[in-house]
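Accompanying notes for the structure given below.
The values are calculated or read from the model by the stated rules, or taken from the named source; none is laboratory data. In this text, all values refer to a predicted model and were calculated from it rather than measured experimentally. Glycine gets a Cβ as well: all are built from the backbone with ideal geometry, and neighbour counts include every protein chain shown. SASA here: full protein model, heavy atoms, side chains in, ligands and nucleic acids out. Shrake-Rupley method; radii C 1.70, N 1.55, O 1.52, S 1.80 Å.
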Amino acid sequence: GYDVAIGKLDNKEVDFVATKTDEKKYNQVTEAMTSSETRERELAPLQKISDNYEKLVIAMDPGLTQDQDGIKIVSAIDFLLG
């Protein structure tokens, strides 16, 4: 029930922006969040968004559940089963 688009902020990209009436979700998808370079690259566009809608990074890392600066980081398995 969402409209889905790619988001752009300056030279950064948000993989999926899902919107419906009064709801918006920002989603980044990555293979892993283990390296500091990947973590920085995936979090940077979401950290630039100033609204209070849900911001989520989905990664293949098993058992990954974290929160950084209000951005939820979850494993793909948990996301799909949740």
Please list 56-64, 43-51, 1-9 highest first by mean number of surrounding beta-carbon atoms within 10 Å per residue.
-> 56-64, 43-51, 1-9
Solvent-accessible ranking of 30, 21, largest area first, probe 1.4 Å = 21, 30
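Please go through segment 11-64 and write out the chymotrypsin sites (Phe, Trp or Tyr not before Pro) that DSSP classes as loop and that have at most 15 other C-beta atoms within 10 Å.
53
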Run through the DSSP bridge list for the chain and note the antiparallel percent, rounded to the nearest 5.
-> 60
How far is it, in nm, from the label point at residue 8 to the one at residue 35 when both lie 7 Å from their Cα along the line to the Cβ?
-> 2.6
Which whole-number percentage describes the relative contact order of the chain, with Cα contacts under 8 Å and a sequence gap of 6 or more?
-> 22
On the accessible surface of segment 21-82, probed at 1.4 Å with all protein chains in place, carbon and sulfur together account for a percent value of 49
By average C-beta atoms within 10 angstrom, highest first, the peptides 71-80, 31-40 | 71-80, 31-40
Accessible area of segment 10-65 divided out per residue, in Å², using a probe of 1.4 angstrom = 62
